[in-house]
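Single-structure report; data block below.
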Amino acid sequence: HLTCLSESTISKSVHFTENHDETRAIKVFGKEKSLAAATIVATLPGIWLCHDGQERGETHHIPVQMAHFESQDADQDMQKFYTLLHQFTNQEAFNRGTWQMRDVQSAWPESHVHQNLLVWVWKSAKVWRLVAINWSGIASCGRADVLDEVGVLERLIIRDQLTNEIYERSGEELREQGLYISLEPWQVHFFEPVYSE
């Protein structure tokens, strides 16, 4: 379980969702869950391996012994997602920063769906990025601890690099309640701050 692991432990690991001798991730998980899994392995500390054809959404397992095989049609949504995932993880916060998993609390009394959310931050000296993943088949919400990022800010505007949606929050709300996150099943956020004061 990720909450039991430190960055130094995870950073010594190799992460992947499929390889040459297993069934394709999209066949095992389905499309949306396979993309959520790819987000997890790509944004953890350590090495991320992406199998040939995975980014194109290929569904057929190709034995390594085959020299020639029929090409498979690419899934445009998968290709777009992986392009954005590569762009997001090829930024300073991921390359020179440190990783921290964040606590997520319930958004309202007696709700437990916050337990489905995985949230972590990558932070370098100058920038930070936040990853949120709903690792479940039901819509889930919660409030993530972002005290280290907010500090004494009065206002924070963040953008989801995956959807280009903009969210504005007051510093007071973020300090007292945390960052409200609401995601549909297997959906993710790639958050970056775009303005603060």
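The values are calculated or read from the model by the stated rules, or taken from the named source; none is laboratory data. Remember, predicted model here, so these are calculated numbers, not experimental data. Cβ placement follows ideal geometry from the backbone for every residue including glycine, while neighbour counts extend to all protein chains displayed. Keep in mind that these areas ignore ligands, DNA and RNA; they rest on the heavy atoms of the full protein, side chains included. Shrake-Rupley method; radii C 1.70, N 1.55, O 1.52, S 1.80 Å.
Return yes when Leu183 is open to solvent by less than 70 Å² (accessible area, probe 1.4 Å), closer than 22 Å to Tyr82 by Cα and out of contact with any Phe, Trp or Tyr (no Cβ under 9 Å at 6 or more places or on another chain) and no when it is not. Yes, satisfied.
So that you can scan it fast, the table gives a plain yes or no per residue for (1) farther than 23 Å from Ala42 by Cα; (2) assigned to a loop (DSSP other than H, G, I, E, B); (3) open to solvent by less than 30 Å² (accessible area, probe 1.4 Å); (4) of a type in the set (A, V, I, L, M):
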{"site": "Ser111", "(1), (2), (3), (4)": "yes, yes, yes, no"}
{"site": "Gln115", "(1), (2), (3), (4)": "no, no, no, no"}
{"site": "Val131", "(1), (2), (3), (4)": "no, no, yes, yes"}
{"site": "Ser136", "(1), (2), (3), (4)": "no, yes, yes, no"}
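Please work out if Lys123 is free of Cβ contacts under 8 Å to residues at least 12 places away in the same chain and basic (Lys, Arg). Answer is no for this residue.
For Arg169, state whether it is free of Cβ contacts under 8 Å to residues at least 40 places away in the same chain and surrounded by 15 or more Cβ atoms within 10 Å (Cβ to Cβ). In short, yes.
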